[in-house]
Amino acid sequence: MDFNKIKSIVAGSALALPAERGLEVAGWSLRRTETEATTTIRLPGIYTTREGKFVRQPNPHPREVITAPGEEVWVTVYGRHQADGNEYMGEAVGQFVSDEESAVKATLTSLATAACGQPNKPYPISDPGALFPPVEIADHELLELSPPALLARVQRFADAVLTAAAAEFGTDVSNLEVFVRKIRSRIETSTGIAHEYNSTRTDAEVCFIARFGDKVAEHTARPHARRLRDLDPQVLVTAGADHARGICQAGPPPQHTGPVVLVGDAAHDFMKLDYQPLSWHCAGRAVYEKMSRYAKGRPAWGDKPLAGDALTIYSDPLVPFGPDSRVESEALPARRACLLKEGCYDEILGGLRYYHYLGLLAEGAKPAGPTGNTVVPAGPHRTAELLGPGRTIIVRSFSDFRADPTSGDFASEIRLGKIREDGDERHFKGGLLVGNWFDSLTDMKLSTETMSQDGYYGPSAIRVGNLQIAG
Amino acid sequence: MSHNLPPALETLRGFLPELVAEAETKAPYATALVTQSAGETVAKSPADERTNPVPPRPGIRISVWDGATFHSVATSRVDDRDYLLRLTRGLAESIRVKQGPMPDPGAQLDRHFRSEFQQDPEQVTASQRQEICRHAFEQLARFDKRIVAPRAVYVYEREYRLFCNRSRLLSSDVSNVGFYLVPLASDGKKQVMNFKGSVAPGHEAACITDEVIRETAELAVQYLSAEKVPPGEYRVILDPDITGTLAHESFGHGCEMDALMRGTARAALYVGRRVGSDLVNIVDFGGLPGRHGSIFFSDDGVLAEEPAVLVKDGILQPTLMTDLYSYLHMRDRLPGLKLSANGRLQDYDHPIYARMTNTYFLPLAQEKGGKTKDELIADSGDAVLIEQLTSGMEDPLGWGVQLQALRGREIKGGKLTGKLYYQVGLTGYVPDVLASIDGITSELDVSSGGSCGKGHKEYVRVSSGGPYIRCRMKLG
């Protein structure tokens with residue numbers, strides 16, 4: 001599709017629409033993404049069963065290889081209308097599937113009609129003076145590769161994972177999927193913004209199976225990175241195989257009430273803004289609609305006394321090569337926002353609309369946009385101290401951790417845990433870790449040691465004093 | 001011949017055989033698959049009313065088989081014939097054909113399918129959808145001042161699919177309407193949320209009564225004073241959606257052939273063996289008309305005509321859900337294996353895997369001991385009635401299962417006490433849970449709407465259901 005042709009039709013038609021249809025278009029933004037995607041799926045062994053046991057035969061060929069060249073052009077149309085003496089505003093988003101003038105105009109008319117029928121309070125649209133941050137989100141090595149060379153690079157990575165896995169004791173990789181995308185984005189708006197940038201994304205899914213006698217267990221690692229080279233095959237395999245072996249050898253869960261130490265994957269899941277309730281309560285929309293617990297400067301845990309470290313959490317889209325880093329969102333420059341400052345609510349997530357509704361623009365605040373990477377400053381405690389003497393319950397991973405966004409309650413199945421007692425350790429699996437995320441903040445101790453994993457940058461061990469395990 | 005397709009897709013339908021023929025000048029087997037979805041979403045919340053027409057998003061995927069591997073190209077540029085022919089030629093020329101199993105393209109067939117609905121969603125205007133959302137929003141808001149943020153959402157999706165190989169040219173026109181009510185309640189200290197969804201192929205999904213809206217609001221307010229269930233093992237009665245999700249997560253994923261062939265389905269070791277009480281019957285059937293997970297044919301071009309019976313009278317069956325790749329590699333290893341209508345992909349540029357469609361427990365006829373819901377409660381002594389699924393997660397190798405529900409209702413001495421538990425997590429070891437099933441109702445309800453991923457990706461539309469069942473699970 002000819003983007004410039006579409007832009008020219010949009011710019012001309014948007015202004016002409018009011019005269020033709022009685023609609024007032026307040027503005028528009030156009031986004032083009034050109035994508036080169038490569039997917040490879042390996043199934044290194046094919047399993048059947050014989051006499052009640054799995055039997056594996058090698059499968060040297062990939063399951064599927066997909067190349068996907070693509071181009072998409074999306075448009076947002078902002079509309080205004082008046083009714084009962086009040087001014088209203090709305091917006092509608094659509095995609096162009098052709099650059100033919102009649103098709104572009106038909107899409108615009110449909111979107112303008114929808115945008116002009118929405119009785120929402122007016123709000124500003126993109127700021128023409130926006131300066132976009134020079135955040136690194138592209139793997140320059142991948143950008144330079146031709147499609148066949150990109151596929152060959154991805155296959156080399158897959159080979160390296162399988163080679164590393166072959167050296168692991170008692171563990172196979174049963175499925176390996178690698179997705180690499182190169183994306184060139186261009187954003188243009190009626191307010192005069194024109195910005196273009198590159199990004200890359202690598203997602204992998206590696207399924208490990210551990211077998212010891214009759215015991216068998218699976219663990220799937222799902223790493224994400226901007227640069228393929230940030231996924232180290234050896235590190236990935238060592239950690240994944242160890243995790244699978246742990247689950248395989250695990251016993252039943254304990255019944256427990258009291259402190260639990262979350263480490264590694266579990267610390268990531270517990271803190272990541274995607275899975276816990278903080279980003280919901282800090283969202284401009286939730287605050288404006290009075291759904292949120294947010295109260296600037298007030299402790300997130302309410303009136304209860306604090307017994308641990310006061311937690312600080314940033315949403316940071318500017319981490320170099322961070323999986324959740326970005327240049328912009330809806331033509332708004334990305335920026336770091338402190339959501340929780342020493343336990344107290346601080347900034348609000350959101351775009352121009354809710355920042356305007358909440359009066360934050362008038363105070364000079366710049367919109368924070370959606371969530372970025374989760375950044376938690378290191379705590380004051382050595383991990384060894386958090387694990388402490390005596391009996392300690394450690395959770396290494398969850399099956400699927402999700403705290404309810406409104407209440408903060410959670411009851412998540414433990415995929416792998418450890419009971420540590422007098423220098424001995426034994427794995428367990430199963431049972432539910434039960435608690436409330438906000439209540440957890442009252443008694444939380446953070447490690448000095450940190451980790452970076454899939455958009456989480458923070459303590460690698462977190463001791464929460466008031467949890468329950470239903471074994 | 002007209003197939004009631006949009007003009008661009010009708011033209012493309014006629015062109016697909018040419019693409020397949022071009023690919024098969026080099027490749028032994030080729031397919032072309034086109035997907036296009038469009039629709040409209042209307043939403044109303046306190047600060048926001050939104051009407052978003054979702055324009056058609058087409059894409060094509062051309063795949064060739066080299067005897068061991070599928071190679072595919074996928075692109076959104078469906079309107080440029082020369083480009084598609086060049087892509088296809090390049091794809092075919094890039095492969096080296098190997099000795100290996102070859103797909104059977106099936107009997108000659110040229111058919112078009114269309115969803116049946118009671119009220120054509122295409123005839124409903126954006127302003128009518130807005131009015132429905134505004135009315136529900138106002139009813140929710142008016143119910144109680146503690147309902148701080150009601151939300152009503154109308155989602156209409158029209159999905160077209162075209163499939164072509166050298167024998168088959170299939171197309172379908174599937175519509176789905178979802179109407180969702182989400183009241184959030186707050187007493188100033190605690191926030192809670194209720195959820196009510198209604199899905200159907202037509203506008204009938206949005207025709208719900210004010211009584212239903214009020215009940216949805218009332219539950220949200222009741223959640224404010226609900227308790228957390230004390231963690232432990234309980235006798236539970238699961239509603240049909242949760243029952244179906246238990247089926248989906250327990251043996252559904254474990255009977256997907258790609259899970260078996262990668263060694264992650266323990267079910268493979270239990271074919272022909274008892275995995276539950278003799279009340280347990282689980283099937284998956286995409287051809288069940290008008291459900292959220294219904295399809296007319298799979299993305300491998302297999303018609304959805306036969307249910308896959310996964311568990312019969314508590315015995316795990318050798319019927320497995322297959323996609324074409326897993327079928328080709330496993331048919332010689334598992335004599336009698338069939339290619340089922342379960343090969344599905346999330347989007348045109350994603351891989352095809354063996355996926356579920358509508359997965360459900362079969363009810364128990366009254367003459368065989370099937371009860372009504374009230375009889376089951378009355379017969380249960382002390383238990384918890386679990387309602388309104390929010391999520392489920394499978395573990396087909398470890399046979400763990402994790403379900404999340406919005407509420408539990410306490411039952412004491414066979415009677416509902418009125419005590420409500422808000423947000424209940426359920427887990428258990430699948431064979432223990434299924435073996436503990438000792439009560440089941442006689443009506444089938446497969447009316448839920450949702451999506452299912454392979455792990456955390458590759459989402460496809462599915463439904464789940466069944467009767468109410470009684471079993472034992474851990475709650476927290």
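Taken together, the values in this text are just the output of simple stated rules run on the coordinates, not laboratory data. On a predicted model such as this, the values are computed, not experimentally measured, just so you know. In this analysis, Cβ positions are derived from the backbone assuming ideal geometry, glycine residues included, and neighbour counts consider all displayed protein chains.
Key figures
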quantity: Hull-based mean projected area of the protein assembly as shown, where the convex hull spans the alpha carbons, in square nanometres; calculated: 37.0 nm²
quantity: Sequence-distant residues sharing a close amide H with A:Gly369 (under 5 Å, placed H); calculated: A:Gly350, A:Gly351
quantity: Within straight-line cross-link reach of A:Lys7, lysines at Cα separation under 22 Å, skipping those fewer than 8 residues along the same chain; calculated: A:Lys105
quantity: Selection of trypsin sites (Lys or Arg not before Pro), the range B:120-213, meeting DSSP coil and at most 11 other Cβ within 10 Å; calculated: B:Lys145, B:Lys189
quantity: For the range B:1-111, size of Cβ-based charge dipole, Lys and Arg +1, Asp and Glu -1, in debye; calculated: 240 debye
quantity: Neighbour-count ranking [beta-carbon atoms within 10 angstrom, fewest first] of B:Ser198, B:Ser298, A:Ser29; calculated: B:Ser198, A:Ser29, B:Ser298
quantity: Relative contact order for the range B:172-316, counting Cα pairs under 8 Å that sit 6 or more residues apart, in percent; calculated: 19 percent
quantity: Among the listed pairs A:Lys296/B:Lys190; A:Lys366/B:Lys44; A:Lys304/A:Lys429, those beyond 20 Å (Cα-Cα); calculated: A:Lys366/B:Lys44; A:Lys304/A:Lys429
quantity: C-alpha long axis of helix B:210-223 to longest principal axis of chain B, angle in °; calculated: 70 degrees
quantity: Cα-based radius of gyration of the range B:336-476 once divided by 2.2 N^0.38 Å, which approximates compact folds; calculated: 1.18
quantity: DSSP bridge orientation in the protein assembly as shown - percent antiparallel, rounded to nearest 5; calculated: 90 percent
quantity: Karplus 3J(HN,Hα) series, Hz, for the range B:452-469 with 6.51 cos²θ - 1.76 cosθ + 1.60 (x for Gly, Pro); calculated: 10, x, 8, x, 10, 8, 6, 7, 10, 5, 9, 9, 9, x, x, x, 7, 10
quantity: Projected label distance in nm at B:Arg111 and A:Lys5, using a 7 Å step from Cα toward the beta-carbon; calculated: 4.0 nm
quantity: Residues A:Lys341 and B:Ile315, FRET efficiency given R0 of 56 Å [Cβ-Cβ distance, rounded to 0.05]; calculated: 0.40
quantity: Charge dipole (the protein assembly as shown, unit charges on Cβ, about Cα centre) - positive-most of A:Ala266, B:Gln139, A:Cys248; calculated: A:Cys248
quantity: Eligible lysines near B:Lys312 by straight Cα distance, threshold 20 Å, same-chain separation 8 or greater; calculated: B:Lys338, B:Lys368, B:Lys371
quantity: Amide hydrogen neighbours beyond the local backbone of B:Arg407, cut-off 5 Å, H modeled; calculated: B:Glu387, B:Gln423, B:Val424
quantity: Relative contact order, percent, chain A [alpha-carbon distance under 8 Å, six or more residues apart]; calculated: 15 percent
quantity: Amide hydrogen neighbours beyond the local backbone of A:Ala295, cut-off 5 Å, H modeled; calculated: A:Tyr345
quantity: Estimated distance in nm for a label pair at B:Ser167 and A:Glu72, the labels positioned 7 Å out from Cα along Cα-to-Cβ; calculated: 3.6 nm
quantity: Residues A:His256, A:His268 arranged by fewest to most Cβ contacts within 10 Å; calculated: A:His256, A:His268
quantity: In order through the range A:443-460: 3J(HN,Hα) via Karplus (6.51 cos²θ - 1.76 cosθ + 1.60), integer Hz, x for Gly, Pro; calculated: 9, 10, 10, 10, 7, 6, 6, 10, 9, 10, 8, 6, x, 10, 10, x, x, 8
quantity: Where only alpha carbons of the range A:191-348 are counted, the Rg and the Dmax (Å); calculated: 20.3, 67
quantity: At 0.890 mPa s and 25 °C, Stokes diffusion of chain B via Kirkwood alpha-carbon radius, µm² per second; calculated: 103 µm²/s
quantity: Whichever lysines have a C-alpha closer than 16 Å to that of B:Lys373, once near sequence neighbours (fewer than 8 apart) are set aside; calculated: B:Lys412, B:Lys415
quantity: Cα gyration tensor, the range A:238-326 - rounded (a/c under 1.5), prolate or oblate; calculated: oblate
quantity: Among B:Ile208, B:Gly244, B:Asn281 - extreme Cα towards positive end, dipole of the range B:192-284, charges at beta-carbon; calculated: B:Asn281
quantity: Residue-by-residue Karplus 3J(HN,Hα) for the range A:156-172, coefficients 6.51, -1.76, 1.60, Hz, glycine and proline x; calculated: 5, 4, 4, 4, 5, 5, 5, 5, 5, 5, 4, 8, 7, 7, x, 9, 10
quantity: Neighbour-count ranking [beta-carbon atoms within 10 angstrom, fewest first] of B:Phe195, B:Phe70; calculated: B:Phe195, B:Phe70
quantity: Computed magnitude of the charge dipole of the protein assembly as shown (debye, nearest 20; Cβ of K, R +1, Cβ of D, E -1); calculated: 1140 debye
quantity: Restricting the range A:277-334 to trypsin sites (Lys or Arg not before Pro) in coil, as DSSP defines it, with at most 16 other Cβ within 10 Å; calculated: A:Lys290, A:Lys296
quantity: Unit Cα scatterers, Debye sum, chain A: log10 I(q)/I(0) for q = 0.09 Å⁻¹; calculated: -0.74
quantity: Cα radius of gyration and Dmax for the range B:119-227 (Å); calculated: 18.1, 64
quantity: Cα-centred dipole magnitude for the range B:64-177, charges only on beta-carbon of K, R (+1) and D, E (-1), debye, nearest 20; calculated: 320 debye
